[in-house]
Amino acid sequence: MMFRQLALCLLSLSISTASAQESKSNKLRARNYGIQIGLMQPGKYNAITDVSGVKVGHKTLKNPQQINTGVTAIIPHSGNLFQKKVPAAVYAANGFGKLAGSTQIEELGNLETPIVLTNTLSVPTAMDALIKYTINQKGNEKIYSVNPVVGETNDGLLNDIRGQHVKTNDVLEAIQSAAPGEVAEGSIGAGTGTICFGFKGGIGTSSRILPESLGGYTVGVLVQSNFGGALTINGAPVGKELGDFSFSKQLLDKADGSCMVIVATDAPLNERNLKRLAKRAFLGLGKTGGIASNGSGDYFIAFSTHLDVQTTYQSKNLEYSTPTVHNDHLSPLFMAAIEATEEAIINSLFAAEAVEGHRGEVNPLSLKQVIPILQKYNAIKTQSEQ
């Protein structure tokens, strides 16, 4: 019994030490290799945090050959989100997943907690943490109902998912560590144990800024990539060239999986047009070769941070009087969401690292193999062309 307790203590220490070391990745991103996806310009950080006020935090749990999982939290603004809700919408491209809180977003069109991403069997834990986080915020002393929003993908190959190692404090740490600026990508947080196109997936992010003539708005995307298909990078059929794609001899069972896509914008959009924006982000997933397979949970959550579309809890105003972008001017935002989603997924792959997990080992993309393929299909620019 004493040896078992000692082993459990050592395991706990190993997990906590690894999870405390959250840092920005030193790995190069797609653009560093001359891969310029789309036509619009990215923001300063080329991340969801280019949308003013948005913050991202991670908590990573790692123990070699057993635990590879974690939590990623996206916070729309720094205030009390329950008291100052943001408009939001959900689009389910394929609903084989456990997106907690989606029905209230669908019904009321707003978001009242941070968005937490984790693994499939840790959704209830994350919900509990979000409830605790919300009811303990100053000003929320008389709240008796909270709609926690939690998305997931299944990391059961690389992670001992049945062990349910994510705890309430892990979720709270991810929320409390959330920060603006650069966002760590790859095998971190909720992306620690994910697999994408048969390669190591993870967290990825990107953004686009519209020209002033089109509103000057920002669209940012963060993904938790864990799905299958035939990898395509900037139009180049990388999966086909490598011989690694769903339903090939090597990857007959690699089609299923999931992808969580979070789309943020500072454009004043209502829930109806946010849902339209979320639908366009699905096109970005398709451009990477994703197929939204039968066993995939592909969910898109879009929200707006514009101050004029935020709504006050128990407002005394009888009517809404909020501005919104006219339908005829939405197309540039659609394009931005498509481009940023595509690039965020590719960034998740480029930043990922090999992981030896609970039931196998998954390697990242081999850039030595990929770069020549991209050059072959003119999908990459040389330094002189950039």
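The values are calculated or read from the model by the stated rules, or taken from the named source; none is laboratory data. If you're wondering where the values come from, they're calculated on a predicted model, not measured in any experiment. All Cβ positions, glycine included, derive from the backbone under ideal geometry; neighbour counts span all protein chains shown. Each accessible area value is taken on the protein alone, full model and side chains, heavy atoms only, with ligands, DNA and RNA left out. Shrake-Rupley method; radii C 1.70, N 1.55, O 1.52, S 1.80 Å.
Couple of notes before you dig in:
- Relative contact order of the chain, defined on C-alpha pairs under 8 angstrom at six or more residues apart (%): 24
- Applying the criteria of a DSSP loop state and at most 11 other Cβ atoms within 10 Å to the trypsin sites (Lys or Arg not before Pro) of region 254-309 yields no site.
- Calculated [θ] (222 nm, deg cm²/dmol) that DSSP helices of n ≥ 4 give over the chain, each run adding -39,500 (n - 2.57): -8000 deg cm²/dmol
- Restricting the GluC sites (Glu not before Pro) of region 330-371 to loop positions (DSSP other than H, G, I, E, B) with no more than 15 neighbouring Cβ atoms within 10 Å leaves 353.
- Our note on the geometry: Cα centres of region 166-214 and region 330-386, 15 Å apart.
- Note on residue 142 and residue 52: the extension gain reaches 29.4 nm, defined as 0.36 nm multiplied by sequence separation minus the Cα-Cα distance.
- The modelled label-to-label distance for the pair residue 272/residue 28, using points 7 Å beyond Cα in the direction of Cβ, is 4.7 nm.
- Extension gain for the segment residue 179 to residue 107, taken as residue separation times 0.36 nm less the Cα-Cα distance, is 22.9 nm to one decimal.
- DSSP beta bridge pairing in the chain, given as percent antiparallel to the nearest 5: 80
- Anisotropy class of the chain from Cα gyration tensor, a/c 1.5 cut: oblate
- DSSP bridge orientation in region 70-182 - percent antiparallel, rounded to nearest 5: 55
- Using Cβ point charges alone (K and R +1, D and E -1), the dipole size of region 119-271 about the Cα centre works out to roughly 160 debye.
- Loop-exposed chymotrypsin sites (Phe, Trp or Tyr not before Pro) per DSSP, neighbour cap 12 Cβ within 10 angstrom, longest uninterrupted part of the chain: 145-319
- Exposure rank, largest accessible area first [40, 335, 260; 1.4 Å]: 335, 40, 260
- FRET efficiency, residue 367 to residue 96 (Cβ-Cβ, R0 35 Å, nearest 0.05): 0.65
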